[in-house]
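The structure appears right after this line, and notes come after that.
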Amino acid sequence: MAQGQPAATYSGPLDPAAVAARAERVGLVLIAVALPVAVGTFAGMVLTSGSLSAASDAATAAMSGPLTTEQGLSWLFYVSTLGTALGCWVLGLGLLLDGLDL
């Protein structure tokens, strides 16, 4: 009877399973930190502008310009929205690598 040898796997720091686990953790942390800030900042924009439509217009204007021109709540909304989007991309990368089963 021949005994089968297990397939050689790479278990270094760039192992796809390790990268996937780290990317998932980093993505979740980014989302957990940035999303409440974005929601709170938008709520602050609603309170300071007086109406939901004015706050939506302010948020749209903040996101359409460059980051360096915004100030105050608009800048914080811009940064927290970008942080949330980055967290979603990193989490997606981790889930993709995890699903590949390399």
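Since every read-out is calculated from the coordinates, none of them should be taken as a lab result. Keep in mind that this is a model prediction, so the values were computed, not measured. Backbone-built Cβ (ideal geometry, glycine too); neighbour counts: all protein chains shown.
Conditions tested, residue by residue: (1) surrounded by 14 or more Cβ atoms within 10 Å (Cβ to Cβ); (2) under 30 Å from D15 (Cα atoms); (3) touching a residue at least 12 places away in the same chain (Cβ under 8 Å).
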{"residue": "T41", "(1), (2), (3)": "yes, no, yes"}
{"residue": "M45", "(1), (2), (3)": "yes, no, yes"}
{"residue": "S53", "(1), (2), (3)": "no, no, no"}
{"residue": "L67", "(1), (2), (3)": "no, no, yes"}
{"residue": "Q71", "(1), (2), (3)": "no, no, no"}
{"residue": "S74", "(1), (2), (3)": "yes, no, yes"}
{"residue": "W89", "(1), (2), (3)": "no, yes, yes"}
For region 60-91, give me each residue that is under 30 Å from V19 (Cβ atoms) and outside any helix (DSSP H, G or I).
none
